[in-house]
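Asks: Before anything else, here's the structure in question.
Computed from the coordinates by the stated procedures, all read-outs in this text should not be read as laboratory data. Keep in mind that what you see is a predicted model, and the values were worked out from it rather than measured. Methodologically, a virtual Cβ is constructed for each residue, glycine included, from the backbone with ideal geometry; neighbour enumeration extends over all protein chains shown.
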Amino acid sequence: MPQIAPANALLRSLLRSDLKKIEPHLHLVELKTGATLYEMEDPVEWVYLPEIGLLSLITVLASGAAIETSIVGREGGVGFVEALGSGTMFSR
């Protein structure tokens with residue numbers, strides 16, 4: 001049976017042998033519009049790799065004002081840097 005290529009470009013760029021190693025850890029999650037994945041300073045438990053739609057990274061200032069600092073689509077992921085570094089999310 002032919003394999004279906006992942007919709008996320010990062011996953012699609014992996015060698016098939018590498019993708020097979022992480023496939024048991026991949027879970028399809030359906031998110032609702034406006035859902036918050038992480039608050040600032042939350043511990044990173046998951047890396048999100050969008051297949052469709054966009055994820056916005058928002059920085060919340062001390063004043064409470066929010067600034068959208070990045071948008072991630074199916075070409076990227078959210079939580080990589082934090083998961084490999086401090087383990088703490090720096091954006092909402």
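Asks: Give the number of residues within the stretch 24-69 that are closer than 21 Å to Ala7 by Cβ, within 12 Å of the chain's Cα centre (by Cα) and hydroxyl-bearing (Ser, Thr, Tyr).
Replies: Going through the stretch 24-69 one residue at a time, the tally reaches 2.
Asks: Filter the helices (runs of 4 or more DSSP H) completely within the chain down to those with at least 2 residues that are surrounded by 13 or more Cβ atoms within 10 Å (Cβ to Cβ). Lay out the reasoning, then the answer.
Replies: Numbers: elements: 9-12, 16-22, 80-84.
Those helices (runs of 4 or more DSSP H) span 9-12, 80-84.
Asks: Shifting gears a bit: Condition first: under 19 Å from Gly87 (Cα atoms) and not hydrophobic (A, V, I, L, M, F, W, C). Now tell me which residues in the stretch 1-55 satisfy that.
Replies: Those that are under 19 Å from Gly87 (Cα atoms) and not hydrophobic (A, V, I, L, M, F, W, C): His25, Thr36, Tyr38, Glu39, Glu41, Asp42, Pro43, Glu45, Tyr48.
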